[in-house]
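> Below you will find the structure I want to go over with you.
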Amino acid sequence: MNNRNYQKELDRILERQGDERPRVLLHSCCGPCSSAVLEYLTRYFEVTLLWYNPNLFPEEEFARRLETQKELLEKMGLAQSVRLLSTPWRHGEYDGVARGLEQEPEGGRRCTECFRLRLTECARIAAAQGFDYFCTTLTLSRHKDAKRINALGEELGAAFGVRWLPSDFKKQGREMRSTQLAEQYGLYRQLYCGCEYSLRKREGKT
């Protein structure tokens with residue numbers, strides 16, 4: 001059984017690096033979740049934010065969440081210090097990995113492949129652009145399996161030759177902090193995970 005404490009692993013990394021500020025490519029799933037993570041990581045790293053979320057549906061939702069991400073950076077005073085790399089809506093890439101898994105329950109294999117898709121792109125860019133680490137805001141949510149996400153990150157880091165930054169960002173009250181920050185800044189907070197399957201479940205259509 002995996003009893004690893006990813007927050008403690010991250011704490012040890014921070015202790016070893018001292019005053020150095022390594023470069024980390026942080027995949028963001030949404031503005032509200034990224035808020036507390038950015039507040040935390042920007043104290044120790046030079047952070048670049050990656051917006052790659054082809055799972056989002058419909059396209060209008062993708063655009064609204066991207067604008068919320070930009071709004072957050074402005075309101076947190078990070079627009080000049082945190083670079084935002086954003087990709088267009090490439091929903092076909094998500095459809096490709098979700099095909100055949102349409103009937104999977106929320107949190108099942110379809111979600112695993114969605115995590116893998118987004119983390120693969122993050123690892124690829126991090127390796128190509130010489131980042132020291134890559135990671136994701138996905139572990140902020142209590143509804144996301146930090147063990148599964150960290151395992152995928154380590155696997156992809158080894159494949160692309162870039163270090164995965166271990167995390168369980170919900171620890172130390174950061175999930176609650178993200179809610180506080182979203183309210184403080186008046187951010188749009190979505191009511192479903194993002195894909196069409198979670199939207200249908202929200203609307204009671206499945």
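The values are calculated or read from the model by the stated rules, or taken from the named source; none is laboratory data. Not measured: the values here are computed from a predicted model. For neighbour counting, all protein chains shown are included, and Cβ atoms are generated from backbone atoms with ideal geometry for every residue, glycine included. Accessible surface is based on the protein model in full, side chains and every heavy atom, while ligands, DNA and RNA are left aside. Shrake-Rupley method; radii C 1.70, N 1.55, O 1.52, S 1.80 Å.
> Name the pairs whose Cβ atoms lie under 8 Å apart, with the first residue in the range 167-191 and within 27 Å of residue 57 (Cβ to Cβ), the second part of a loop (DSSP other than H, G, I, E, B) and not hydrophobic (A, V, I, L, M, F, W, C), and 6 or more positions between them or separate chains?
So the pair list comes out as 170/141; 170/142; 175/141; 175/142; 182/189.
> Looking at (1) open to solvent by less than 40 Å² (accessible area, probe 1.4 Å); (2) of a type outside the set (Lys, Arg); (3) in a helix (DSSP H, G or I), find the lone condition where residue 134 falls short.
Of the numbered conditions (1) open to solvent by less than 40 Å² (accessible area, probe 1.4 Å); (2) of a type outside the set (Lys, Arg); (3) in a helix (DSSP H, G or I), the odd one out for residue 134 is (3).
> What is the number of the single condition among (1) assigned to a helix (DSSP H, G or I); (2) exposed (fewer than 14 other Cβ atoms within 10 Å of the Cβ) that residue 3 does not meet?
Condition not satisfied by residue 3: (1).
> Within the set of pairs 6+ apart or on separate chains, which have a first residue in the range 2-20 that is touching a residue at least 60 places away in the same chain (Cβ under 8 Å), a second that is part of a loop (DSSP other than H, G, I, E, B) and small (Gly, Ala, Ser), and C-beta atoms under 7 Å apart?
6/167; 10/167
> So which of 121, 106 ends up being outside any loop (DSSP other than H, G, I, E, B) and touching a residue at least 24 places away in the same chain (Cβ under 8 Å)?
The unique qualifying residue is 121.
> Now for a separate question. Is it the case, given these coordinates, that residue 94 is assigned to a helix (DSSP H, G or I) and of a type in the set (Phe, Trp, Tyr)?
yes
> Hey, can you tell me all the residues within the range 27-48 that are open to solvent by less than 10 Å² (accessible area, probe 1.4 Å), over 21 Å from residue 195 (Cα atoms) and not in a loop (DSSP other than H, G, I, E, B)?
35, 36, 37, 38, 41, 47, 48
> Kindly list, by first and then second residue, each pair from a residue in the range 51-69 that is within 18 Å of residue 37 (Cα to Cα) to a residue that is assigned to a loop (DSSP other than H, G, I, E, B) and open to solvent by 10 Å² or more (accessible area, probe 1.4 Å), limited to pairs with Cβ atoms under 6 Å and residues at least 6 apart or on different chains.
52/87; 68/187; 68/188
> Separate question: Got a sec? Which of 66, 78, 72 is outside any helix (DSSP H, G or I) and either open to solvent by less than 50 Å² (accessible area, probe 1.4 Å) or on the phi > 0 side of the Ramachandran plot (or both)?
That would be 78, the only listed residue that is outside any helix (DSSP H, G or I) and either open to solvent by less than 50 Å² (accessible area, probe 1.4 Å) or on the phi > 0 side of the Ramachandran plot (or both).
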